[in-house]
1. For the stretch 48-73, enumerate the residues that are at pLDDT below 90 and of a type in the set (Lys, Arg).
2. Which residue, of Gly10, Gly24, is assigned to a loop (DSSP other than H, G, I, E, B), at pLDDT below 85 and surrounded by fewer than 16 Cβ atoms within 10 Å (Cβ to Cβ)?
3. Hey, Ala81 hits all of (1) within 16 Å of Val16 (Cα to Cα); (2) of a type outside the set (D, E, K, R); (3) touching a helix residue (DSSP H, G or I) at 6+ places or on another chain (Cβ under 6 Å) but one; which does it fall short on?
4. Is it the case that some residue within the stretch 78-87 is surrounded by 10 or more Cβ atoms within 10 Å (Cβ to Cβ) and either in contact with a His (Cβ under 8 Å, 6 or more places away or on another chain) or not in a helix (DSSP H, G or I) (or both)?
5. Cβ contacts < 6 Å: first residue touching a residue at least 12 places away in the same chain (Cβ under 8 Å) and closer than 22 Å to Met108 by Cα, restricted to the stretch 45-67; second residue of a type outside the set (A, V, I, L, M, F, W, C) and in a loop (DSSP other than H, G, I, E, B), any location; separation 6+ or different chain. Result?
6. Can you pull out the residues in the stretch 99-130 that are surrounded by fewer than 10 Cβ atoms within 10 Å (Cβ to Cβ), modelled with pLDDT of 85 or more and among the small types (Gly, Ala, Ser)?
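The values are calculated or read from the model by the stated rules, or taken from the named source; none is laboratory data. Because the structure is predicted, anything quoted here is derived from the model rather than measured. Note: ideal-geometry Cβ built from the backbone for every residue, glycine included; neighbour counts use all protein chains shown.
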Amino acid sequence: MGYFLQARQGREDGVVYRVVDSRGPWFLGSSPLYTVCAGLYLTSAMMKLLWARLSAASSLAHINITGRGSTFRKIILLTFARGLGLRYLLHVHDPDYSAEYCRRGRLMRMLILLSRTRQVTQPIVTEGIS
């Protein structure tokens, strides 16, 4: 998102972009404090989605997903967004996400499929676009 936001600087088209962190800082490692902070970051991200949905402006959540913990957090956010009726775009940000998908259990694979098949009216293909 950094490149995108940098390219948008100075534009006066009335579109507002807000970056929401659902993970929290890496520097805490796997400490108990990290677990608490990660829960707070995820809750904060959910409240920001709620705020976006309740605002008068038309909103779209652009959610980047990769493997490991990101998948679980993003499924929670996507389920929450869907429950709110908030439109979203799921951006698979992992070049080998198919391996991540295959290593998951049946329940997680089902949740991944559900999260990517809802709220999409037309798939967006960006391969080959420069």
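1. Selection gives Arg68, Arg73.
2. Working: Gly24 fails: surrounded by fewer than 16 Cβ atoms within 10 Å (Cβ to Cβ).
Only one candidate qualifies: Gly10.
3. Answer for Ala81: the failing condition is (1).
4. Taking the stretch 78-87 and keeping what is surrounded by 10 or more Cβ atoms within 10 Å (Cβ to Cβ), we get 78-84, 86-87.
Next, only the ones that are either in contact with a His (Cβ under 8 Å, 6 or more places away or on another chain) or not in a helix (DSSP H, G or I) (or both) stay: 86-87.
Yes.
5. As it stands, the answer is Ala45/Ser22; Asn64/His93; Thr66/His93; Thr66/Asp94; Gly67/Asp94, since those pairs meet every condition given.
6. Listed by number, the list holds a single entry, Gly105.
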